[in-house]
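The values are calculated or read from the model by the stated rules, or taken from the named source; none is laboratory data. Because the structure is predicted, anything quoted here is derived from the model rather than measured. All Cβ positions, even for glycine, are placed from backbone atoms using ideal geometry, and neighbour counts span all protein chains on display. Quick note on the areas: whole protein, heavy atoms, side chains included, nothing else; ligands and nucleic acids left out. Shrake-Rupley method; radii C 1.70, N 1.55, O 1.52, S 1.80 Å.
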Amino acid sequence: MRIEFSDDMREILEEFLIEAEEILSNLDQDLIELENNPDDKDLLNKIFRGMHTLKGGAGFLNLTTVVEIAHKIEDIFNKLRNDEMSLTPEMMDVIFEGVDKLKEAIDMLKESDEIPDEEDVKDLIEKLKAILEGESVPETRQEVNQEEETDEEFEFVEGVDEDIKKLILQYKGKDLGEILEELILLPPNERPPLDVIEKLEKLISEGKDVKDLIKPKEKKEEKEEKPKAEPPKPKVQEPQKKEEKQKKKKTEKKEEVIRVDVERVETLMNLVGELVLDRNRIVKLASNLENSYGDSETVEELIDSITGMSRTVSDLQDAVMKLRMQPVRKIFSKFPRIVRDLAKRLNKKVNLILEGEDTEIDRSILDKLEDPLIHLVRNAIDHGIEPPEERLKAGKPEEGTIKLSAFQEGDRIIISIEDDGRGIDVEKVKRKAVEKGLITPEQAENMQDKEAFELLFMPGFSTADKVSEVSGRGVGMDVVASTIHNLRGTIEVESEKGKGSKFIMKLPLTVAIIRTLMVGANNRIFAIPLYSVVEIVKYDVNSVKKVGNFKSFMLRDEVYLLFSLSELFDIEDTREKEFIVVVRVGEKNIAISVDELFGEEEIVIKPLGKLLEDVQGIAGATITGDGRVVLIVDTNSLINDKKSQLVGVL
């Protein structure tokens, strides 16, 4: 159903969308809490007020189906808070269904000025009415109806595989990626054959989605819909008093919070980045000037002024960085609902603990973290946490625990996902890796547990046909790892068989400005991010030994694999090495020899552009104080092609 908005109403619509998204994003967590504490009056009142506000705003904009759903849910919570009915799990399922439909309506409204038709919400309204009247919730005829509606709404384009058609009809409303996720989470005996999953993966890898495989059918009903969308104007005056109260509340909030377009913040960030580069250049020139004319009073005054300006630029940079920071609560708040739904579906009992929700991180990192976290949490529930009977036999409480936590450590954010489930069977992981040809039996024998855990993140390590054989810890984990590495972060695994597993992600606070170590190789300058540097030592020829096809470096009875930076970049290696930089790569410390060391510098990262964005070993570029372009080293991808050879070497 399309809604037409005048220019005056468009502004109110924008305000309503922001407010509705805030109410609905908080609602999932509030409902999970309510399910655990159904008698919490404060929580009941809070949810009631949220629905009341949503209904009032939607009524003012004539969003009829949104008003209808919100009104019914509001009435249910009114009865609950007045002790006229008691909350049941079946009732909660229907309320969640209603909240999902409201989210869908807000998304539709945001994207195309449309809301669901009355026919689309008819079954839901009937269920909500049944709850209000104290009747049992009617049996869902949704699956049959969905297929009927599907036949009426769209048809498949020519050439779509029959298996894919069945999946799209079965998981109506989901994209191909979500369908694949659903299939992976099914118990092994309920999954479709492996070739069907491979067909689905092939379509996804080709960049296709459901919308590319279907086309709309022409419907006569469309002509009848338009008159229905226009008459809602007479109802506008009734909720106006409510809207005035809401506007007063909004005015009070605006004194504390100003909504700023993200693009403006990005522009400001880019300008500050350029200012930092100019600052670095001026500081460099001032240093040269001081060396040449150090006795001049004018030069001394200039140096003092530049030092003050440098401090101010640093303060400005910190202030602008904080504009981009958002609490991890933004994504953590989605997990109570995800855990509840999946645990219920798999007949498991799971308690989710959230810690450090106020920890802040750059929004560009936060946006990309959601998918890896969802994947890891779902993996933990599906393959980590055992069914209640199995847990009781193992002497564990029947309710499993998953802990999702975040905290700041220096200039890094640490996010971890921990479960008390089965843990990872290291021997099975090694055996599977040997079967897949990722490592040799000799490498498997010499491999330590920590190295075996790294196999889970190797491309090609997939157990989609028999996920349970390695506790499922490998399905799409290479995608999780590559996302974390693209954010210049690291991921580590700790696990004990029978006790549980812990995945630890270490991420930078921001992706725009970082501290680096400037090094030289064959008359070129490279920047190594400081967070990956463990230590720097002088190069000693006597400490260099040969280990198979590789070199090693002995340092305080520790043996490190040794590469020269020139060798890693395939450039001519003619100069004598002066220093060793020990860097952290995954679970290993690796030594990299360099010709020169220039010291530490704060830099602004500039992307390389589309033509060079896939070059391995390079995270971006920057401009130094003397105007030179310097490449930033990505140590993880730099030795990526050597990882399989390095397994079990030391």
(request) Give me the pairs, please: first residue somewhere in the range 422-433 and within 13 Å of VAL493 (Cα to Cα), second residue anywhere and part of a loop (DSSP other than H, G, I, E, B) and aliphatic (A, V, I, L, M), beta-carbon distance under 8 Å, and either six or more positions apart or on two chains. (result) none
(request) Give the residues of the range 178-198 that are surrounded by 15 or more Cβ atoms within 10 Å (Cβ to Cβ) and touching a residue at least 12 places away in the same chain (Cβ under 8 Å), sorted by residue number. (result) ILE179, LEU180, GLU181, LEU183, ILE184, LEU185, PRO192, VAL196, ILE197
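Quick check: is even one residue across the range 85-92 closer than 21 Å to LYS129 by Cβ, free of Cβ contacts under 8 Å to residues at least 12 places away in the same chain and either open to solvent by 10 Å² or more (accessible area, probe 1.4 Å) or touching a helix residue (DSSP H, G or I) at 6+ places or on another chain (Cβ under 8 Å) (or both)? Quick ask: steps written out before the conclusion?
Of all residues in the range 85-92, those closer than 21 Å to LYS129 by Cβ come to 85-92.
Next, only the ones that are free of Cβ contacts under 8 Å to residues at least 12 places away in the same chain stay: 88.
Then keep just the ones that are either open to solvent by 10 Å² or more (accessible area, probe 1.4 Å) or touching a helix residue (DSSP H, G or I) at 6+ places or on another chain (Cβ under 8 Å) (or both); that gives 88.
Yes.
Search the range 365-405 for residues being without any contact (Cβ under 8 Å) to a residue 12 or more places away in the chain and open to solvent by 10 Å² or more (accessible area, probe 1.4 Å), and hand back the single one that is farthest from MET321 (Cα to Cα).
Kept after step one, since they are without any contact (Cβ under 8 Å) to a residue 12 or more places away in the chain, are these residues of the range 365-405: 367, 389-393, 395, 397.
Adding the requirement that they be open to solvent by 10 Å² or more (accessible area, probe 1.4 Å) leaves 367, 389-390, 392-393, 395, 397.
Details: ASP367: 16, GLU389: 50, GLU390: 48, LEU392: 49, LYS393: 51, GLY395: 49, PRO397: 44 Å.
Among those residues, the one meeting the criterion is LYS393.
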(message) Can you tell me which residue is farthest from the chain's Cα centre (by Cα) among those in the range 578-589 that are on the phi < 0 side of the Ramachandran plot and open to solvent by less than 30 Å² (accessible area, probe 1.4 Å)?
(response) ILE580
(request) Residue by residue through the range 255-281, note down the ones that are open to solvent by 80 Å² or more (accessible area, probe 1.4 Å) and in contact with a Ser or Thr (Cβ under 9 Å, 6 or more places away or on another chain). (result) ARG281
(message) For the range 177-205, which positions are at pLDDT below 75 and not in a helix (DSSP H, G or I)?
(response) LEU186, PRO187, ARG191
(request) Report whether or not ASN291 is assigned to a strand (DSSP E or B) and out of contact with any helix residue (DSSP H, G or I) (no Cβ under 8 Å at 6 or more places or on another chain). (result) no
(request) Would you point out which residue out of GLN408, GLN443 is touching a residue at least 24 places away in the same chain (Cβ under 8 Å), more than 24 Å from the chain's Cα centre (by Cα) and open to solvent by 10 Å² or more (accessible area, probe 1.4 Å)? (result) GLN443
(message) Can you say whether GLU418 is over 15 Å from GLU496 (Cβ atoms) and open to solvent by 10 Å² or more (accessible area, probe 1.4 Å), as far as the supplied structure shows?
(response) no
(request) Among the residues of the range 590-609, write down those that are of a type outside the set (A, V, I, L, M) and in a loop (DSSP other than H, G, I, E, B). (result) ASP595, PRO607, GLY609
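Under 13 Å from the mean Cα position of the chain (by Cα), part of a helix (DSSP H, G or I) and under 25 Å from ASN36 (Cβ atoms): is that true of LEU366 in this structure?
No: the conditions fail for LEU366.
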(message) Against the conditions (1) at pLDDT 80 or above; (2) open to solvent by less than 70 Å² (accessible area, probe 1.4 Å); (3) over 30 Å from ASN351 (Cβ atoms), where does LEU438 fall short? Just the number, please.
(response) (1)
(message) Go through (1) among the hydroxyl-bearing types (Ser, Thr, Tyr); (2) open to solvent by 20 Å² or more (accessible area, probe 1.4 Å); (3) more than 22 Å from the chain's Cα centre (by Cα); (4) at pLDDT below 80 for SER462 and report which single condition fails.
(response) (3)
(request) Kindly indicate which of LYS349, LYS284, LYS334 is touching a residue at least 24 places away in the same chain (Cβ under 8 Å), open to solvent by 30 Å² or more (accessible area, probe 1.4 Å) and touching a Pro at 6+ places or on another chain (Cβ under 7 Å). (result) LYS349
(message) Of all residues being small (Gly, Ala, Ser) and modelled with pLDDT of 75 or more in the range 610-650, which is farthest from ASN589 (Cα to Cα)? Just the residue, please.
(response) GLY627
(request) Working only within the range 529-576, note down all residues that are open to solvent by less than 30 Å² (accessible area, probe 1.4 Å) and more than 20 Å from GLU601 (Cα to Cα). (result) SER543, PHE550, SER552, PHE553, LEU555, TYR560, LEU561, LEU562, PHE563, SER564, SER566, LEU568
